[in-house]
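Novice: What follows is a structure written as structure tokens; I'll ask about it next.
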Amino acid sequence: MPQRSSVLPLRAVLLAVALFVGAPGFLLAQFPMPTAKSLEDAGPAEIRELVSKYCRLDYEGATLDSQAWPKIQPLVWWKSAPDYNKIDVIARYKVDMPDTSTSHTKIAVTVHYRLLGTYDLTTGYVAEPPGSNQDVDFLVAAENDEARIADAENTLPHPSRAAMLKWLNEKLGTATDDAAKKRYGDALKQLEAQSASPFAK
């Protein structure tokens with residue numbers, strides 16, 4: 001009898017220890033810890049870097065090339081490359097530091113572009129006066145455990161002069177329509193005649 005009574009408390013102790021150790025895991029399984037990363041946690045520098053990466057790829061001509069979509073997709077929440085009928089050609093851009101105190105769901109980041117001109121896919125290229133600027137607000141939002149660009153005031157491509165000249169030459173080389181050839185050729189002449197600042201950052 002004494003032997004049996006000494007075993008029962010030991011079993012009770014082991015059971016209590018098992019429940020104590022296992023309970024947190026069970027509770028976490030029932031009530032998962034939140035994994036969403038707020039924009040406040042991301043920080044202004046990280047948000048600015050995200051928009052800067054997008055602008056750099058855009059500047060290098062990635063938004064003009066459908067094959068480059070896999071490079072852009074991890075930075076944005078939209079599922080496919082936006083359609084466009086115009087292209088804003090730029091000399092340089094500057095990304096502002098966001099003000100993260102305004103919202104915890106969507107943060108605006110302003111990008112300042114030095115605009116050289118706009119190429120309309122139907123009517124051709126129109127140069128802007130020297131020193132023309134364009135400001136675009138990008139909205140960054142967090143979902144699950146990452147932040148991406150959710151929207152922008154202007155989702156048109158913003159390639160550099162060099163990237164646009166490359167695109168125009170490629171289009172001219174494959175064009176079969178006389179009107180299209182003239183449109184590409186005229187745009188090349190106008191853009192080549194424009195000076196662009198080498199300071200693109």
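The values are calculated or read from the model by the stated rules, or taken from the named source; none is laboratory data. Not measured: the values here are computed from a predicted model. Positions of Cβ are backbone-derived with ideal geometry, glycine not excepted, and every protein chain shown enters the neighbour counts.
Novice: Limited to the range 40-51, what total is found for residues that are surrounded by fewer than 16 Cβ atoms within 10 Å (Cβ to Cβ) and part of a helix (DSSP H, G or I)?
Specialist: Total meeting the criteria: 5.
Novice: Given the structure, is Ala68 in a strand (DSSP E or B) and assigned by TED's automatic domain parsing to the domain that holds Ala179?
Specialist: When the stated conditions are applied, Ala68 does not pass them.
Novice: List the pairs whose first member sits in the range 156-176 and is within 25 Å of Ser80 (Cα to Cα) and touching a residue at least 24 places away in the same chain (Cβ under 8 Å), whose second member is part of a helix (DSSP H, G or I) and of a type in the set (Val, Ile, Thr), and whose Cβ atoms are under 9 Å apart, counting only residues at least 6 apart or on separate chains?
Specialist: Taking only residues 6 or more apart or on different chains, the pairs are Leu156/Thr63; Pro157/Thr63; His158/Thr63; Pro159/Thr63.
Novice: Just need a number here: residues in the range 62-88 that are in contact with a Ser or Thr (Cβ under 7 Å, 6 or more places away or on another chain) and small (Gly, Ala, Ser).
Specialist: Residues in the range 62-88 being in contact with a Ser or Thr (Cβ under 7 Å, 6 or more places away or on another chain) and small (Gly, Ala, Ser): 1 in total.
Novice: Residues in the range 157-170: is at least one within 23 Å of Ala45 (Cα to Cα) and outside any loop (DSSP other than H, G, I, E, B)?
Specialist: no
Novice: Among the residues of the range 81-98, write down those that are of a type in the set (Asp, Glu) and touching a Pro at 6+ places or on another chain (Cβ under 8 Å).
Specialist: Result: Asp88, single match.
Novice: Going by what's in this entry, would Pro82 be described as within 16 Å of Glu192 (Cβ to Cβ) and part of a loop (DSSP other than H, G, I, E, B)?
Specialist: No, not satisfied.
Novice: Tell me which residues, restricted to the range 181-201, are modelled with pLDDT of 95 or more, more than 28 Å from the chain's Cα centre (by Cα) and surrounded by 13 or more Cβ atoms within 10 Å (Cβ to Cβ).
Specialist: Hits for the range 181-201 are Lys181, Lys182, Arg183, Tyr184, Gly185, Asp186, Ala187, Leu188, Gln190.
Novice: Among the residues in the range 114-133, are any within 26 Å of Val51 (Cα to Cα), within 19 Å of the chain's Cα centre (by Cα) and at pLDDT 95 or above?
Specialist: no
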